[in-house]
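Values quoted throughout were computed directly from the atomic coordinates according to the rules given, and no laboratory measurement underlies them. On a predicted model such as this, the values are computed, not experimentally measured, just so you know. Reconstructed Cβ throughout: ideal geometry from the backbone, glycine too, with neighbour counts over all protein chains shown.
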Amino acid sequence: MEKRTNGFEEKKVIITGGLGFIGSNLAHRLIDLGATVTLIDNLNPEYGGNFFNIREIKDSVYVNISDVRFTNNADYSTLSLPLKH
């Protein structure tokens, strides 16, 4: 019988707003599915980003604190230099 895969095993995923409620829950699920996850968040207090939301997976994700609205922050087309929190 052929083994079924979930489609996210060994995939690289970027989640913007990754420290907020929706982004962090998505990150939890993608980690469970075997993805390599990079979270991007600007930690704007009005948007709810908080490291508490990823406490269970903090050693399994890369975190980049920046604002994707500003193009000089990073080149998000690659995951070559993720920042480990």
**Complete:** Those residues of region 26-59 which are within 20 Å of PHE8 (Cα to Cα), out of contact with any Asp or Glu (no Cβ under 9 Å at 6 or more places or on another chain) and surrounded by fewer than 15 Cβ atoms within 10 Å (Cβ to Cβ) amount to ARG29, ASP32, GLU56, LYS58, ASP59
**Request:** Could you please find all residues in region 40-62 being of a type outside the set (S, T, N, Q), out of contact with any Leu (no Cβ under 6 Å at 6 or more places or on another chain) and either in a loop (DSSP other than H, G, I, E, B) or closer than 11 Å to HIS28 by Cβ (or both)?
**Result:** LEU43, GLY48, ILE54, ARG55, GLU56, ILE57, LYS58, ASP59
